[in-house]
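Asks: Below is one structure. I have some questions about it.
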Amino acid sequence: AFEKWKEAKEVYLKEKMLKEKHTEMEKKIKEQKAVMEKKKENLSAFERWNDRKEHVIKEKKRQEMIEKKKIKTLQAERQEKEKRALEQYEQWLERKERKDKIEKKQKKLQVVLDDDPPPPWSPPGKTIPAGR
């Protein structure tokens, strides 16, 4: 009877140990799955963040390129405007100098042609009436 009881007890203990090992293994597997799931989530979150960051960087670079283009265009327009203004000024100056030369020549010619001396200067309040 003792032998039978001892044998039954050993079988019971073996089964209990196997159950504990089995439960422990299941617990370990569950933990590993949870860790793997967490790693997977972290990795996908990192990838999403990285994609978003790259998108933002690309957008920033595109905006900078647009801004540089705009600045270059404005500079070119400003230079063109200054160039045109300078050309117009030079043309105006040339016309003015020509006009001044012509007026000077005309005055000289008039002085030569008109031998009459210019009338003496009189103050504006003392005009001589012409017909009295």
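The values are calculated or read from the model by the stated rules, or taken from the named source; none is laboratory data. From a predicted model like this one, the values you see are computed outputs, not experimental measurements. A quick note on method: Cβ atoms are made from the backbone with ideal geometry, for glycine too, and the neighbour counts reach across all protein chains shown.
Asks: Suppose we filter Gln91, Gln75, Gln110 for residues that are part of a helix (DSSP H, G or I), of a type outside the set (D, E, K, R) and at pLDDT below 80; which single one remains?
Replies: Checking each option against the conditions leaves just Gln110.
Asks: For segment 1-56, what are the residues that are in a helix (DSSP H, G or I) and surrounded by fewer than 10 Cβ atoms within 10 Å (Cβ to Cβ)?
Replies: As a first pass, look at segment 1-56 and keep what is in a helix (DSSP H, G or I): 2-56.
Selection gives Phe2, Glu3, Lys4, Trp5.
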